[in-house]
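> My structure is below; once you've seen it, I'll send some questions.
The values are calculated or read from the model by the stated rules, or taken from the named source; none is laboratory data. All figures in this text were calculated on a predicted structure; none of them were measured in a lab. Ideal geometry is used to build each Cβ from the backbone, glycine not excepted, and the neighbour counts take in all protein chains shown.
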Amino acid sequence: MSVTYLDAIRSAQEKALASDPTVFIYGQDVGRFGGAFKATKNLAERFPGRVIDSPISEDAMVGMAVGAAMEGMRPIVEMQFADFSTVGLNQMLNHAATTYWRTGRTCPMVLRLPSGGTPGSGPFHSQSMEAIYSHYPGIVVMTPATVEDAYTMLLEAVEMPDPVVFCEHKLLYYHLKSDHLPESAVPALRAQVVRAGRDVTCVTYSAMVHEAVAAAKELVEEGYEVEVVDLRTVKPLDTDTILASVARTGRLLAVGESWPWGGASAEVVARVAAEGFELLDAPPKRLNAKDTPIPYHPNLWAAHRPTAVRIAAALREVLRY
Amino acid sequence: MAIRAAAAAVRSIQEGTDARMERLGRAMLRARLLEEKLGSLYRAGRIVGGVYLGRGQEALSGAGGVALRKGDIFAPLIRDMAGRLAFGEPMEDALRAYLGSRLGPMKGRDGNIHRGDLSRGILPMISHLGAMVSTLAGVLMAKRMKGEKRKVGLTCAGDGATSTGSFHEGLNLAAVERLPLVVVVADNGYAYSTPNERQFACADLVDRARGYGVQGHSVDGTDPWVCAEVLQGAVDRARGGEGPQLVVGKLLRLCGHGEHDDGLYVDSKIQRSERGRDCVQVMESEMKKRGSGKEWQSWRAEAQAEVEAAVIKVSAEPVPDPFEEDWSATKSGSEAEESGSS
Ligand SMILES: Cc1ncc(C[n+]2csc(CCOP(=O)(O)OP(=O)(O)O)c2C)c(N)n1
């Protein structure tokens, strides 16, 4: 049997619904239709009244979840695409995120964001939103890169007392496969070394983990051993794991699919520069998408985002400094 | 004398109507045939990304485009190929967006329905539903401030889009400002898979007009003659200073949400009802009944030839080249590449 990244997300929601009666799912077309990407397929039938179709009202969808969470439920809200969550930002950033700090009462909810670029998706169906959500205090932001993490981290997200933004990568939905669902889990808030190496550290997350691993394989032939660190959760950032890796390698490349100004990769570089300056043998570098909206045409899209080839080139620069 | 004048007036109204119906009929056929072509290009793998068609919605959409004049502003949405073509978007530009031609107004940067041409008065929609209502209101505010008179803005929305805060805020704003705005809601019963009863609880979306303080009009979206009449009336009223007009047409989307979707969730009872009629077939059989079948056939043949020629032309056009692309999102200049971008 093989399980895709999308199956893992569906299964995690199924398990959460089965084990916790306060869990419910709210989103456009998530009911009988099973969601635009089929992440809730058959769940409405199995859990009547708990997998609910919403109107096209992102602001109200998130606001409703905030209220339901305040009243003791654990809503999972599916955005049809991460990009449309901008419409619900006010409720998420100003309401969900501030509730615990203002009241001491928690606001446990999960906002699922089908994120990231795929060919032909263009400026409004490709965005990665982790930077915006991470900027605001009060939210946990997860960016799973593997089938195993998609499953265990989503389960952990549902159990967390805080609002969680769960950034799923659409490019991984159907293609990324595993033999079976995991039985044990690495804690969601911990980064992980997914490939060990002694020469340079490549810190990344989500779909870019796979590009970074491919780049690392390419550099083996040139005699370099690249250590790849998967952040898994970008907020809170597991600085310890990053610094421990840089202590081993002395060099850093941070990679993110989202835009270069600010964001997770900028934060990684800032932390290493500020807290691990002495560990560095070369200036830390980062690689992001180009600073334009995400293009429609595949030729432009392929040039806009970091790829294994571009990551390898950036790693060489850091290595040859 | 008086009788002659009256007869002439009737004749000219009749001719006006006929001219309008010819424009509408042609736009509907051009849209239908172009979209059928887009569907086959998609299935042949020549279009990357989604293809969203307006099959069954050509009469309502086209009637909006026909009712506008040059100098007006059109902000189409997902299923408005007919309205776009009627308003003057060249078929080539539609194809350029889908095929990513560098020569199109979007230069391959944006695709499919997310296209427009500000120089032609067509706003390029963003995906976020409801967003175009306030934007169009802003265009009309600016025209008023600049002293441009008697210009109308028309935008379209689906039943689902009416649930957005943006739609509500935009229409309310336009009503407060009494702007010459026409909002055409194509109520096709579904938003993707979501039926009306999970979308709104009022009996009919046109009832909302009263709440906004705007004029509301209901129309059978499957009847091209009625669509043309009602849309022209709404546009004329907006132009005449009567403030925003909300037109709600009932019809059915006779295709999936996108070409990737089989649309099996649509209730077959509705498909068999009056609402499920195909407006293009309605027009064809009515034309035949009126003895104009030949005319219809010639419009169809011309439209088909136009589609074929446009596909050949646009297929040969250059696609974007990342090395020649200007990678700056602001006119005033962008930051150095060194700052972390790929
Ligand atoms: C704010 C926002 N949320 C979600 C979407 C995703 N989406 C695109 S089309 C669509 C359904 C639209 O339904 P409706 O407005 O009724 O138009 P129809 O497709 O029926 O023509 C949805 C949910 C979107 N484009 N914008």
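> In the stretch A:44-65, which residue that is buried (at least 24 other Cβ atoms within 10 Å of the Cβ) and more than 15 Å from the ligand (Cβ to nearest atom) is farthest from the chain's Cα centre (by Cα)?
Ranking the qualifying residues of the stretch A:44-65, first place goes to A:Val51.
> Is one or more of the residues making up the stretch B:333-341 in a helix (DSSP H, G or I), more than 14 Å from every other protein chain (Cβ to nearest Cβ) and of a type outside the set (Asp, Glu)?
no
> Give the residues of the stretch B:121-144 that are within 14 Å of the ligand (Cβ to nearest atom) and part of a loop (DSSP other than H, G, I, E, B), sorted by residue number.
The answer is B:Met125, B:Ile126, B:Ser127, B:His128, B:Leu129, B:Gly130.
Matching residues to (1) in contact (Cβ under 8 Å) with a residue 12 or more places away in the chain; (2) closer than 21 Å to B:Ser193 by Cα:
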| residue | (1), (2) |
| --- | --- |
| A:Tyr5 | yes, no |
| A:Ala12 | yes, no |
| A:Gly27 | yes, yes |
| A:Val30 | yes, yes |
| A:Ala39 | yes, yes |
| A:Pro48 | no, yes |
| A:Ser57 | no, yes |
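> Tell me, which residue of the stretch A:91-146 that is without any contact (Cβ under 8 Å) to a residue 40 or more places away in the chain and part of a loop (DSSP other than H, G, I, E, B) is surrounded by the most Cβ atoms within 10 Å (Cβ to Cβ)?
Result: A:Arg105.
> Would you call A:Ala39 crowded, with 20+ Cβ neighbours inside 10 Å, closer than 25 Å to A:Arg105 by Cα and either touching a strand residue (DSSP E or B) at 6+ places or on another chain (Cβ under 8 Å) or in the same structural domain as A:Ser115 (by TED's automatic domain parsing) (or both)?
For A:Ala39, the condition - crowded, with 20+ Cβ neighbours inside 10 Å, closer than 25 Å to A:Arg105 by Cα and either touching a strand residue (DSSP E or B) at 6+ places or on another chain (Cβ under 8 Å) or in the same structural domain as A:Ser115 (by TED's automatic domain parsing) (or both) - is not met.
> Can I ask one more? Of everything in the stretch A:15-45, what is farther than 17 Å from A:Leu154 by Cβ and either within 12 Å of chain B (Cβ to nearest Cβ) or among the charged types (D, E, K, R) (or both)? Give them in sequence order.
A:Gln28, A:Asp29, A:Gly31, A:Arg32, A:Phe33, A:Ala36, A:Ala44, A:Glu45
> Suppose we filter the stretch B:158-201 for residues that are more than 15 Å from the ligand (Cβ to nearest atom) and either within 13 Å of another protein chain (Cβ to nearest Cβ) or within 19 Å of the chain's Cα centre (by Cα) (or both); how many remain?
4
> Pairs under 7 Å by beta carbon, first residue assigned to a loop (DSSP other than H, G, I, E, B) in the stretch A:260-284, partner hydroxyl-bearing (Ser, Thr, Tyr), six or more apart or different chains?
A:Pro260/B:Ser339; A:Pro260/B:Ser341; A:Ala282/A:Tyr321; A:Pro283/A:Tyr321
> Across the stretch A:66-90, what is the total count of residues that are assigned to a helix (DSSP H, G or I), in contact with a helix residue (DSSP H, G or I) (Cβ under 6 Å, 6 or more places away or on another chain) and within 16 Å of the ligand (Cβ to nearest atom)?
Going through the stretch A:66-90 one residue at a time, the tally reaches 3.
> Hey, does the stretch A:288-307 have a residue that's touching an Asp or Glu at 6+ places or on another chain (Cβ under 8 Å), within 12 Å of another protein chain (Cβ to nearest Cβ) and among the β-branched types (Val, Ile, Thr)?
Checked against the condition, which is being touching an Asp or Glu at 6+ places or on another chain (Cβ under 8 Å), within 12 Å of another protein chain (Cβ to nearest Cβ) and among the β-branched types (Val, Ile, Thr), the stretch A:288-307 yields at least one hit.
> If we keep just the residues of the stretch B:23-60 that are within 14 Å of another protein chain (Cβ to nearest Cβ), on the phi < 0 side of the Ramachandran plot and over 13 Å from the mean Cα position of the chain (by Cα), which is nearest to the ligand (Cβ to nearest atom)?
Among those that are within 14 Å of another protein chain (Cβ to nearest Cβ), on the phi < 0 side of the Ramachandran plot and over 13 Å from the mean Cα position of the chain (by Cα), it is B:Gly50.
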